[in-house]
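**Q** Take a look at this one; I'll ask things after.
The values are calculated or read from the model by the stated rules, or taken from the named source; none is laboratory data. Here the structure is a predicted model, which is why all the values come from computation and not from measurement. When we count neighbours, we look across all protein chains shown, and the Cβ atoms used for this are built from the backbone with ideal geometry, even at glycine.
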Amino acid sequence: MGLKVAVVGSGPAGSSAAEVLAKAGIETYLFERKLDNAKPCGGAIPLCMVDEFDLPQKIIDRQVKKMKMISPSNREVNIGSTLKNGEYIGMCRREVLDGFLRNRAAELGANLINGTVYQLDIPDSDKGLYTLHYADHSTGAIKGEMKTLKVDLVIGADGANSRIAKAIDAGDYNYAIAFQERIRLPEDKMAYYEDLAEMYVGNDVSTDFYAWVFPKFDHVAVGTGTMKVNQADIKKLQAGIRKRAAKRLEGGEIIKVEAHPIPEHPRPRPIRGRVVLVGDALGTVTKSSGEGIYFAAKSGRMCAEKIVEASQNGLKVPTEKDLKDFMKRWNKEYGATYLVLDILQRVFYRSDATREAFVEMCDDIDVQKMTFDSYLYKTVVPGSPLTQMKITAKTLGSLLRGNALAP
């Protein structure tokens, strides 16, 4: 008998994991509760993801080549002049991206199950099988038919409210809320956002992150991210971004309202036995930028690659130590990125003075080039020592001018 793996959740993390496992000939079961799920999120993906994950252009709604950063005092900084030909930030609708990745995994051999996993039974011994209890919705019934599946290994890719994380007592994490409205604009207003995205900062639109207007296929996504999770605060911040962007959104019609939790840091215990968490269930969203899609997909892929390697293409059952090696690789590759973005958030999102300093700093061409390169290609681009010194001096100058270093 070969290795049997259940992947719970078919967002970018789960589908990317299932694809790697299926390609290696491992018996893979991919669970998805809602096959038309549209997760509320900005939907921005870096250029390197298009190549790395072999994404077709048809799933990219817009190629954003210009970004406007708008400070609390409404100072606008245009970013994008450093982009070369063919460079862009991809804008996707999650239902389209997720559907593509999920279907590709299924075409490669993953068994796609339209089902809700309710419970995971942990075996008594190291060699025992894990039992998933799930409702099968394949007949179209909402309640579904209760079934069970026994597997050797489980990948929890079931998001911020992960049931798999609860089953293995992975521990909690702080989370933010992403709230957005999809707004269909009149043609002339939509033309303005042809290849442009906007990021707004200020206490009026987000106390901890930023608010956004991102262009999609035939509408814009207007939203905010915040650690304040009560409804009144979220409503107030959303009203703030609507007010700040009011002129550009005139005549728009709301076609959808969405909200979703976003993890703030990794869970304390993401691996137990032969169960491992990836994506939002693990907590791979970056601070400062709040980016999650690429890192979710990458975590799913790297985890599955480790399973393929440790199982010798499904011939043996990987151990907890093998799965922990995946986390070691992950931290080695991306630990520095997370740390830098965490520091940036603490420094620049503390007050409106620090946010003004941040936007001012973004006006510098060297800062723009480094920021864009590190976003598009996921490398912390070192730049020349002279450029580094210049950026450090500029950062300090901006912070001092904004009186932002005061405690």
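**Q** Please verify whether LYS147 is in a loop (DSSP other than H, G, I, E, B) and either modelled with pLDDT of 95 or more or among the charged types (D, E, K, R) (or both), treating the condition exactly as stated.
**A** Details: in a loop (DSSP other than H, G, I, E, B): no; either modelled with pLDDT of 95 or more or among the charged types (D, E, K, R) (or both): yes.
Judged against the criteria, LYS147 is not a match.
**Q** Among the residues in the range 372-388, are any modelled with pLDDT under 85, buried (at least 17 other Cβ atoms within 10 Å of the Cβ), aliphatic (A, V, I, L, M) and out of contact with any His (no Cβ under 7 Å at 6 or more places or on another chain)?
**A** Taking every residue of the range 372-388 in turn, at least one turns out to be modelled with pLDDT under 85, buried (at least 17 other Cβ atoms within 10 Å of the Cβ), aliphatic (A, V, I, L, M) and out of contact with any His (no Cβ under 7 Å at 6 or more places or on another chain).
**Q** Further question on the same structure: How many residues, within the range 101-128, are assigned to a helix (DSSP H, G or I) and either under 23 Å from GLY273 (Cα atoms) or touching a Cys at 6+ places or on another chain (Cβ under 7 Å) (or both)? I'd like the intermediate steps shown before the answer.
**A** Going through the range 101-128, the residues assigned to a helix (DSSP H, G or I) turn out to be 101-107.
With the extra rule that they be either under 23 Å from GLY273 (Cα atoms) or touching a Cys at 6+ places or on another chain (Cβ under 7 Å) (or both), the set shrinks to none.
The qualifying residues number 0.
**Q** With the structure loaded, tell me whether SER125 is hydroxyl-bearing (Ser, Thr, Tyr), over 23 Å from ALA13 (Cα atoms) and in the same structural domain as PHE31 (by TED's automatic domain parsing) or whether it fails that test.
**A** Working: hydroxyl-bearing (Ser, Thr, Tyr): yes; over 23 Å from ALA13 (Cα atoms): yes; in the same structural domain as PHE31 (by TED's automatic domain parsing): yes.
The answer is yes for SER125.
Each row is one residue, and each column tells you yes or no for (1) over 22 Å from LYS39 (Cβ atoms); (2) touching a strand residue (DSSP E or B) at 6+ places or on another chain (Cβ under 6 Å).
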{"position": "ASP204", "(1), (2)": "yes, no"}
{"position": "TYR210", "(1), (2)": "no, yes"}
{"position": "PHE214", "(1), (2)": "no, yes"}
{"position": "THR224", "(1), (2)": "no, yes"}
{"position": "VAL229", "(1), (2)": "no, yes"}
{"position": "LYS235", "(1), (2)": "no, no"}
{"position": "GLY240", "(1), (2)": "yes, no"}
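**Q** If you don't mind, there's one more thing I want to ask. Scan the range 226-240 and give yes if some residue there is at pLDDT below 90, in the same structural domain as GLN63 (by TED's automatic domain parsing) and in contact with a helix residue (DSSP H, G or I) (Cβ under 6 Å, 6 or more places away or on another chain), otherwise no.
**A** yes
Rundown of residues vs (1) surrounded by 21 or more Cβ atoms within 10 Å (Cβ to Cβ); (2) closer than 30 Å to GLY144 by Cβ, yes/no style:
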site: LEU55; (1), (2): no, no
site: ARG62; (1), (2): yes, no
site: LYS66; (1), (2): no, no
site: VAL96; (1), (2): no, yes
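**Q** Looking at the structure I just gave you, is SER73 hydroxyl-bearing (Ser, Thr, Tyr) and under 24 Å from VAL205 (Cβ atoms)?
**A** Numbers: hydroxyl-bearing (Ser, Thr, Tyr): yes; under 24 Å from VAL205 (Cβ atoms): yes.
Answer is yes for this residue.
**Q** Which residues, taken from the range 109-121, are out of contact with any Ser or Thr (no Cβ under 9 Å at 6 or more places or on another chain) and surrounded by fewer than 16 Cβ atoms within 10 Å (Cβ to Cβ)? Break it down into steps so the answer makes sense when it comes.
**A** Applying the first criterion (out of contact with any Ser or Thr (no Cβ under 9 Å at 6 or more places or on another chain)) to the range 109-121 yields 116-118.
Residue satisfying the conditions is TYR118 alone.
**Q** Please determine, by comparing only the residues of the range 153-168 that are touching an Asp or Glu at 6+ places or on another chain (Cβ under 7 Å) and among the aliphatic types (A, V, I, L, M), which one is modelled with the highest pLDDT. Write out each step before concluding.
**A** At the first step, the residues of the range 153-168 found to be touching an Asp or Glu at 6+ places or on another chain (Cβ under 7 Å) are 159-160, 164.
Within this subset, residues satisfying the condition of being among the aliphatic types (A, V, I, L, M) are 160, 164.
On the way: ALA160: 90, ILE164: 98.
Only one residue tops the list, namely ILE164.
**Q** Here's a follow-up. Keeping to the range 320-337, report how many residues are touching a residue at least 24 places away in the same chain (Cβ under 8 Å) and more than 15 Å from VAL278 (Cβ to Cβ).
**A** 3
**Q** Among (1) within 30 Å of MET67 (Cα to Cα); (2) surrounded by fewer than 22 Cβ atoms within 10 Å (Cβ to Cβ); (3) acidic (Asp, Glu); (4) in contact with a helix residue (DSSP H, G or I) (Cβ under 8 Å, 6 or more places away or on another chain), where does ASP322 come up short?
**A** Exception for ASP322: condition (1).
**Q** Of all residues in the range 1-52, how many are in a strand (DSSP E or B) and acidic (Asp, Glu)? Quick ask: steps written out before the conclusion?
**A** First pass over the range 1-52, keeping only residues in a strand (DSSP E or B): 4-8, 27-32, 44-45.
Checking the rest, the ones that are also acidic (Asp, Glu) come to 27, 32.
So the count comes out to 2.
**Q** Identify, please: which residue in the range 283-319 is in contact (Cβ under 8 Å) with a residue 40 or more places away in the chain, aliphatic (A, V, I, L, M) and buried (at least 16 other Cβ atoms within 10 Å of the Cβ) and is, among those, nearest to ALA170 (Cα to Cα)? Outline the logic, then answer.
**A** Filtering the range 283-319 down to residues in contact (Cβ under 8 Å) with a residue 40 or more places away in the chain leaves 283-284, 286-294, 296-301, 303-305, 307-308, 311, 313-319.
Those still in the list that are aliphatic (A, V, I, L, M) too: 293, 296-297, 304, 307-308, 315, 317.
Retained after the next criterion (residues that are buried (at least 16 other Cβ atoms within 10 Å of the Cβ)): 293, 296-297, 304, 307-308, 317.
Working: ILE293: 22, ALA296: 18, ALA297: 20, ALA304: 19, ILE307: 20, VAL308: 24, VAL317: 22 Å.
Looking at the filtered set, the residue picked out is ALA296.
**Q** Let me ask something additional. Conditions first: (1) polar (S, T, N, Q); (2) in a strand (DSSP E or B); (3) closer than 30 Å to GLN57 by Cα. THR131 passes all but one, so which condition is the exception?
**A** For THR131, the failing item is (3).
**Q** Which of the following residues is over 22 Å from LYS147 (Cα atoms), aliphatic (A, V, I, L, M) and outside the structural domain of GLU291 (by TED's automatic domain parsing): ALA13, ALA44, ALA17? Steps first, please.
**A** Values: ALA13 fails: outside the structural domain of GLU291 (by TED's automatic domain parsing); ALA17 fails: outside the structural domain of GLU291 (by TED's automatic domain parsing).
After ruling out the rest, the residue left standing is ALA44.
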